[in-house]
Amino acid sequence: MFNFILFGPPGSGKGTQSVRVAEKYNLTHISTGDIFRRNIREKTSLGLKVKSIIEKGELVPDELLIEILEDAMDRAEDRHGFVFDGFPRTVQQANDLKAILQKRNEHVSLVLALEVNDDEIIKRLLKRAEVEGRKDDTREVIENRIRVYNNQTQPLIEYYGRNGTFASVNGIGSIDAIFNAICEKIDARN
Ligand code: AMP
């Protein structure tokens, strides 16, 4: 199986590219952000628990992620692996993912980071706010999400760098050009 983590700051295009990667390589796309947004929309108990956290741009506590992830992986149809989009976001989550995969005799095959600078991210997210109206796309929350990313998620680059499973691509350019760059990295490792 090919277990792929698409990594990058908010607004780096992870969601868009993950969907394409999943389709091309027949992988199950798991977006923890999408799962949370669905639960908020449907007003489930999980949704009620995480709503205010997400609206502030903070991270949902690690212990809530494990169950969500295992559930999504269990429900996956028989495919060739997973694309993890927006997970892991902390070192604890990376350790949890490792354990979850180990239980299935699997491991992380490749971590790919989309590189986009802060100015571009803010520009993109403010634009997305106009189009999609996401509650966590206000300037104040965007700035917090970037801070949270830099403090809590960026350390994962070093974490995965040590295992030799890490690569990066420039996340600025056309969606097609970035997708091709991602596929090249995948094909080189697959
Ligand atoms: P995203 O769509 O990936 O940007 O996620 C939107 C929001 O959901 C994030 O800002 C977090 O509040 C929450 N979230 C999504 N994935 C995670 C995760 N792996 N760990 C903690 N919080 C998460």
> Are there trypsin sites (Lys or Arg not before Pro) in the range 115-190 that DSSP puts in a loop and that have at most 13 other Cβ atoms within 10 Å, and which ones?
Replying inline: Arg162
>> Please compute the Kirkwood hydrodynamic radius over the range 53-126, one decimal place, Å, based on all pairs of different Cα atoms.
In response: 14.4 Å
> Roughly how many percent of the accessible protein surface of the chain is carbon and sulfur, given a 1.4 Å probe and a whole-percent answer?
Replying inline: 46 percent
>> Need the C-alpha centroid separation for the range 22-68 versus the range 131-171, integer Å.
In response: 16 Å
> Once phi is turned into ³J(HN,Hα) by the Karplus curve 6.51 cos²θ - 1.76 cosθ + 1.60 with θ = phi - 60°, what whole-Hz value does each residue of the range 91-105 show in order, with x for glycine and proline?
Replying inline: 4, 4, 5, 5, 5, 4, 4, 4, 5, 4, 5, 4, 4, 9, 6
> Can you give the calculated 222 nm mean residue ellipticity of the chain, where each DSSP H run of n ≥ 4 adds -39,500 (n - 2.57) and the sum is split over every residue, rounded to the nearest 500 deg cm²/dmol?
Replying inline: -17500 deg cm²/dmol
> Any idea what the alpha-carbon Rg over 2.2 N^0.38 Å comes to for the chain?
Replying inline: 0.98
>> Cβ neighbours within 10 Å, averaged per peptide: list 73-80, 111-118 in order, most packed at the top.
In response: 111-118, 73-80
> Say the dipole of the range 47-186 comes from +1 at the beta carbon of Lys and Arg and -1 at that of Asp and Glu; which of Leu69, Ile186, Ile54 then lies farthest toward its positive end?
Replying inline: Ile54
> For the range 2-181, with every protein chain kept in place, what is the accessible area per residue (1.4 Å probe, Å²)?
Replying inline: 52 Å²
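The values are calculated or read from the model by the stated rules, or taken from the named source; none is laboratory data. Since the model is a prediction, treat every value here as computed from it, not as a measurement. All Cβ positions, even for glycine, are placed from backbone atoms using ideal geometry, and neighbour counts span all protein chains on display. Calculation scope for accessible area: heavy atoms of the full protein, side chains included, ligands and nucleic acids excluded. Shrake-Rupley method; radii C 1.70, N 1.55, O 1.52, S 1.80 Å.
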